[in-house]
Each structure stands twice: as structure tokens, then as C-alpha cells.
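Comments concern the structure below.
The values are calculated or read from the model by the stated rules, or taken from the named source; none is laboratory data. On a predicted model such as this, the values are computed, not experimentally measured, just so you know. Reconstructed Cβ throughout: ideal geometry from the backbone, glycine too, with neighbour counts over all protein chains shown. When the accessible area is computed, the model is the full protein with side chains, heavy atoms only, and any ligands, DNA or RNA have been set aside. Shrake-Rupley method; radii C 1.70, N 1.55, O 1.52, S 1.80 Å.
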Amino acid sequence: MAMEMRLPVARKPLSERLGRDTKKHLVVPGDTITTDTGFMRGHGTYMGEEKLIASVAGSVERVNKLICVKALKTRYIGEVGDIVVGRITEVQQKRWKVETNSRLDSVLLLSSMNLPGGELRRRSAEDELAMRGFLQEGDLISAEVQAVFSDGAVSLHTRSLKYGKLGQGVLVQVSPSLVKRQKTHFHDLPCGASVILGNNGFIWIYPTPEHKEEEAGGFAANLEPVSLADREVISRLRNCIVSLVTQRMMLYDTSILYCYEASLPHQIKDILKPEIMEEIVMETRQRLLEQEG
């Protein structure tokens, strides 16, 4: 059996010619952001000796007079309206506990979900007894953030038919700071697969369904065997996302599609080799800069 061995190499610094937009004001804890007292203190900052000081490592963001530091690597901090992908960890009374990569488990109430078939009525004791038939431990779901509690815990809902139980696919976990906020996080890519870019850093890649299953209310998981061609497309997309994350590039539908197209000359297993990873990400970055400018 052939075996390939690779020795560690020094990581090359990113090229300085990647464009002015990629240069950000980066700080580490203890750095002075500004000495101007006219600014308001936001997340990731504190006041000390009439100076605004960073309390986390990240990039400085300014909105009018408000200054905050967005951490480069952090747990997910929920906001109302976010799309998340999560895993059921516990079935409780009238609620499910969901792991969403945040500091605390999220909550999905029985009253915050569609009943199978999209039926609209009050939840009864029979529905409560059948909760494990709807969702059980280990199931993956897509949902929307309905509310954020004072302690940071997140309440979810799946009242739309586009949310619900996820069937066959691949889950990729990345840092939430690398997922770009967009109007929609459900994307059907022209390569034959679809992605759900969860704001919490959980990305779900699955074969694009031929017809939408709307009559089941989002709880009929498709367990049909996935064709070899679809599995290859999903594996290539997964490796492309890992490559983009390794090079600290933002993830959204265009960057993933450009990276997928740049990887086509290479075999799927070769995409994760450092030199090929750097090559396809550099090509993706150049195409994105050309599109913007």
C-alpha cells in the first residue's frame, strides 16, 4: 500500500498585496484602542485611566461613536433572527435542549415548532408524550433564534417549513466569526449540493433535493442512499470550506463556490495538502477582489 509522508514546513505570511480591505485594526487584551473620551464603550472593551482598552483579541469595529472588539475566536453569541444549525442533546418537559456552539445550551420549546403536517392547534398532552418521535437525542436541526435571555441563553423556533430536522449530509464546525451575515443562509449551489451556513459556525452540506418536502412540516428526514456523484461533490465542498477556514477567509455562498471551482483540477483528497490549499484559496481571493473592484 502506497503511503505519503510529509514533513512540517514553516507557514508563509499572507501576501501584502491582498488588497486594502483585508487590513484590519487588530488588538490583543490590554491594547489601548483610543484615548478620546468621546467614544462609547462596547463589547470587548473597558475604560481604564481615561483610555478605552481591549479586553479580548480581535478586530476593532466602530459604529458612529460606539467602539467594540469582535473576537477572532469565540463561542457563538446569539442575536434575534440568526439562522443556526444545532444538535439535540436532551428531551425535557415541553422543550428540547440544543447544542448550538454557545456558552449555554439553547432551548427549543414544543410550542415553538410546527407540528407534523403543518397543523395549527394548541399543543396537547399527547404531543408532549410524542416529543421523542419528533426529535430525539443526536438529531440535527436548522432553526431561527427567537429570543435571547439575560444570561445569554438562546430560545429557538422552527415555525417555518424551511426549518426542521436535517437528513443526510455532512456537518462542518468552524468559528462563528468566519460566517458572513447575509439576508439568506440557505444556498442551493449550481454544483448540485446545498449548504446551510449557520451563524453559530455549524455548516450543513447536503445534496440538493429534487422536490421540497413541505407536507411533513420539516420532520421527515430523507434517508435514501446518496449517489456517488453527490457524495463526491459534498466531500469536495467540505474540503474547500476547511481550506477557506484554514486561511481565515469569510464563508458565504460566493467564496465557497469560487473555491469549489478553483479546486476542480485537483483530486478531492489533495485539496487539504498545504500547497494546494494555499493555491486554490489565493485564486479564490483574487476572483473576489476582481469582483469587488
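Which residue is nearest to VAL107 (Cα to Cα), if the candidates are limited to segment 54-79 and must be surrounded by 15 or more Cβ atoms within 10 Å (Cβ to Cβ) and of a type in the set (D, E, K, R)?
ARG75
Does GLY78 satisfy being of a type outside the set (Val, Ile, Thr), over 26 Å from VAL98 (Cβ atoms) and modelled with pLDDT under 90?
no
What pairs can you find where one residue is in segment 255-272 and within 19 Å of HIS187 (Cβ to Cβ) and modelled with pLDDT of 90 or more, the other is among the small types (Gly, Ala, Ser) and crowded, with 20+ Cβ neighbours inside 10 Å, and their Cβ atoms are less than 8 Å apart, with a gap of 6+ or different chains?
CYS259/SER243; SER263/SER243
Residue by residue through segment 129-138, note down the ones that are buried (at least 17 other Cβ atoms within 10 Å of the Cβ) and without any contact (Cβ under 8 Å) to a residue 60 or more places away in the chain. Show your work before the answer.
Going through segment 129-138, the residues buried (at least 17 other Cβ atoms within 10 Å of the Cβ) turn out to be 131, 134-135.
Result: MET131, single match.
I'd like the full set of residues that are open to solvent by less than 50 Å² (accessible area, probe 1.4 Å) and part of a helix (DSSP H, G or I), limited to segment 251-273. Give the derivation first.
In the first step, residues of segment 251-273 are kept if they are open to solvent by less than 50 Å² (accessible area, probe 1.4 Å); the result is 251-260, 262-263, 266, 268, 270-271, 273.
Those that are open to solvent by less than 50 Å² (accessible area, probe 1.4 Å) and part of a helix (DSSP H, G or I): ASP253, THR254, SER255, ILE256, LEU257, TYR258, CYS259, TYR260, ALA262, SER263, ILE268, ASP270.
Somewhere in segment 210-228, is a residue open to solvent by less than 30 Å² (accessible area, probe 1.4 Å), closer than 20 Å to GLY169 by Cα and modelled with pLDDT of 90 or more?
no
Consider TYR46 against the criteria (1) open to solvent by less than 50 Å² (accessible area, probe 1.4 Å); (2) without any contact (Cβ under 8 Å) to a residue 12 or more places away in the chain; (3) touching a strand residue (DSSP E or B) at 6+ places or on another chain (Cβ under 9 Å): it satisfies all of them except one. Which criterion is unmet?
Against the list (1) open to solvent by less than 50 Å² (accessible area, probe 1.4 Å); (2) without any contact (Cβ under 8 Å) to a residue 12 or more places away in the chain; (3) touching a strand residue (DSSP E or B) at 6+ places or on another chain (Cβ under 9 Å), TYR46 comes up short only on (1).
Evaluate segment 119-136: report whether one residue or more is within 22 Å of LEU171 (Cβ to Cβ) and either charged (D, E, K, R) or touching an Asp or Glu at 6+ places or on another chain (Cβ under 6 Å) (or both).
yes
I'd like to verify a number: residues in segment 164-184 that are in a loop (DSSP other than H, G, I, E, B) and open to solvent by less than 10 Å² (accessible area, probe 1.4 Å), how many?
Total meeting the criteria: 0.
Provide a single number: the residues in segment 274-293 that are within 22 Å of PRO8 (Cβ to Cβ), in contact (Cβ under 8 Å) with a residue 24 or more places away in the chain and surrounded by fewer than 18 Cβ atoms within 10 Å (Cβ to Cβ). Walk me through it before giving the result.
Taking segment 274-293 and keeping what is within 22 Å of PRO8 (Cβ to Cβ), we get 274-282.
In the following step, the residues that additionally are in contact (Cβ under 8 Å) with a residue 24 or more places away in the chain were identified as 274, 277-278, 280-282.
Within this subset, residues satisfying the condition of being surrounded by fewer than 18 Cβ atoms within 10 Å (Cβ to Cβ) are 274, 278, 282.
Selection size over segment 274-293: 3.
Name every residue in segment 164-203 that is among the charged types (D, E, K, R) and free of Cβ contacts under 8 Å to residues at least 60 places away in the same chain, in order of residue number.
LYS165, ARG181, LYS183, ASP188
Give all pairs with beta carbons closer than 9 Å in which a residue from segment 144-163 that is closer than 12 Å to GLY81 by Cβ and modelled with pLDDT under 90 meets a residue that is surrounded by fewer than 17 Cβ atoms within 10 Å (Cβ to Cβ) and of a type in the set (Lys, Arg); count only pairs at least 6 apart in sequence or on separate chains.
Correct list of pairs: empty, since none qualify.
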